[in-house]
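Notes follow once the structure below has been shown.
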Amino acid sequence: MKIKSIVLSLFCLSALAMGAELMTQRDLRAAWNKDNPNYKVEFSAEKCTATCLKNERRALAVQSRAITGVKPGETFQASFLARGTVNNLEFVPQSNGNACKEQQSLFRVFDDWNHYEATFTIPEECKTFSCVIYAWNQEGSFEIREFSIRPAAAEVEQTAGLDAQKITINGTSDKALYEPGEQMTFLIAPDFGGQTIPTDTYSVKWQRTGEDGKRATGKEPFTPGKPVVIKTSLDTPGFVRIVAYLADGKGRIVQKKNQGGKLEDICFIGGAGVQPEKLQPAVEEPADFDAFWTKQKAKLAAVPVTYKMDKVGSSPNVDI
């Protein structure tokens, strides 16, 4: 038995070195808030489905089993398909049961299946590894399938040799305010910063939400020089929000580094309104509202303002 165990261990190590999976879909097997009737998670061989019926400012989370034998310093890539009605999902690797927050990844979720990837490195002193995929503080549901974690190959540019830092995505509407039921038209145009792109390589994924509770998503191929057109409307006073993303040929959201050096989605966020002056409070104003704040402002006015200014740094245009 000892010889068999040694051979089996060597085989597992060799398989991992050749790119075998560290985890698969069947390793997603735990859920948070198990005894809470507002949170429900179901697992099958093909996928897991998580649903939050009522937002309680908690995480609707799917967690993997914990495994041992991982080597600190090795880099892995998590890959999965997801869809749902939540706005976004976060992937967080865990070391010894603690979240590696500096390596977590945030993904926008759509109604149709999309492919997501996250690369991370096993931290020092890691004895057990696990991971969590969750939606924080959101009502709705999400599904995950084809989940896997395997050794990361050499990084492949999503942008086929283009400089992602030069890419933006812009949006405009024909006006900012509309009448109830009037058609709103948004024009979404990716800008590659003067770089030549292959034909039929990119698309625009978009999501529409509004105070009418309606949600819509879409995916349109992008042709250089021809903006993607999104049309919608709102029947009552309120606002519509449009979020549009640039996706590559595999359907992945293209990312670039922000000022902090972290990757973020290349996206446009905008919207338009309908008769905002007619919006009404969601609840009745308390009877003592004015009296309460008059009292609080009087207390604040009685506190003397004291301050001291010290120069702590400067830049060519700013003194701090």
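You can think of it this way: the chain between residue 217 and residue 283 has 20.7 nm of extra reach, that is 0.36 nm per residue less the Cα-Cα gap.
Relative contact order for the stretch 159-263 using alpha-carbon pairs under 8 Å, separation at least 6, rounded to a whole percent? In percent, rounded to a whole number, it is 30.
Taking the Cα of residue 239, stepping 7 Å toward and past its beta carbon, and measuring to each backbone N in the stretch 118-148: which are under 15 Å? Within reach of a label on residue 239: no residues. Among the GluC sites (Glu not before Pro) found in the stretch 226-320, those both in a DSSP coil and sparsely packed, with 16 or fewer other Cβ atoms within 10 Å of their Cβ, are 284. Length available on full extension from residue 34 to residue 152: 0.36 nm per residue minus the Cα-Cα distance, which gives 39.2 nm. Solvent-accessible surface of the chain, taken per residue with a 1.4 Å probe and all protein chains present: 61 Å².
Rounded to 0.05, the FRET efficiency of the residue 293 and residue 54 pair, given R0 = 51 Å and the Cβ-Cβ distance, is 0.95.
A straight line joining the Cα centroids of the stretch 262-320 and the stretch 173-208 runs 31 Å.
Pair-distance distribution P(r) for the stretch 182-317, from all Cα-Cα distances in 10 Å bins starting at 0: 9, 24, 19, 18, 19, 9, 1 percent. A Cα-only calculation for the chain places Rg and Dmax at 24.8, 82 Å. Pairs spanning more than 30 Å between alpha-carbon atoms, out of 34/127; 226/278; 40/231: 226/278; 40/231.
Which percent of the accessible area of the stretch 127-232 is formed by carbon and sulfur heavy atoms (probe 1.4 angstrom)? For the stretch 127-232, the apolar C and S fraction of the accessible surface comes to 50 percent. According to the square roots a ≥ b ≥ c of the eigenvalues of the Cα gyration tensor, what is the shape class of the stretch 217-279, taking rounded for a/c under 1.5, prolate for a/b larger than b/c otherwise, and oblate for the remainder? Verdict is oblate for the stretch 217-279.
The distance between label points at residue 165 and residue 44 comes to 4.6 nm (points 7 Å beyond Cα on the Cα→Cβ vector).
For the chain, modelled as a GNM whose springs connect Cα atoms under 10 angstrom apart, the maximal fluctuation among 188, 242, 67 occurs at 67.
Per-atom-type breakdown for the stretch 242-308 gives carbon and sulfur 57% of the accessible area (1.4 Å probe, protein chains only).
Restricting the trypsin sites (Lys or Arg not before Pro) of the stretch 244-294 to loop positions (DSSP other than H, G, I, E, B) with no more than 13 neighbouring Cβ atoms within 10 Å leaves 250, 262.
In the chain, a dipole from Cβ-located charges (positive for Lys and Arg, negative for Asp and Glu) runs towards its positive end, and of 109, 172, 303 it is 109 whose Cα lies farthest in that direction. Angle check, please: helix 2-17 long axis (alpha carbons) against the longest principal axis of the chain (alpha carbons), in degrees 0 to 90, nearest 10. Once rounded, the angle reads 40 degrees. Counting only alpha carbon atoms, the long axis of helix 289-301 and the longest principal axis of the chain meet at about 80°. Sites counted here are chymotrypsin sites (Phe, Trp or Tyr not before Pro) in a DSSP loop (not H, G, I, E or B) having no more than 16 other Cβ atoms within 10 Å; the longest part of the chain that contains none of them is 114-306. Label sites at residue 315 and residue 177, each approximated as a point 7 angstrom past Cα along Cα to Cβ, lie 3.6 nm apart.
Here the sum of -39500 (n - 2.57) over DSSP H runs of 4 or more residues, divided by the residues of the chain, equals -3000 deg cm²/dmol at 222 nm, to the nearest 500.
The values are calculated or read from the model by the stated rules, or taken from the named source; none is laboratory data. Here the structure is a predicted model, which is why all the values come from computation and not from measurement. Using ideal geometry, Cβ is built from the backbone for each residue, glycine included, and neighbour counts are taken over all protein chains shown. Calculation scope for accessible area: heavy atoms of the full protein, side chains included, ligands and nucleic acids excluded. Shrake-Rupley method; radii C 1.70, N 1.55, O 1.52, S 1.80 Å.
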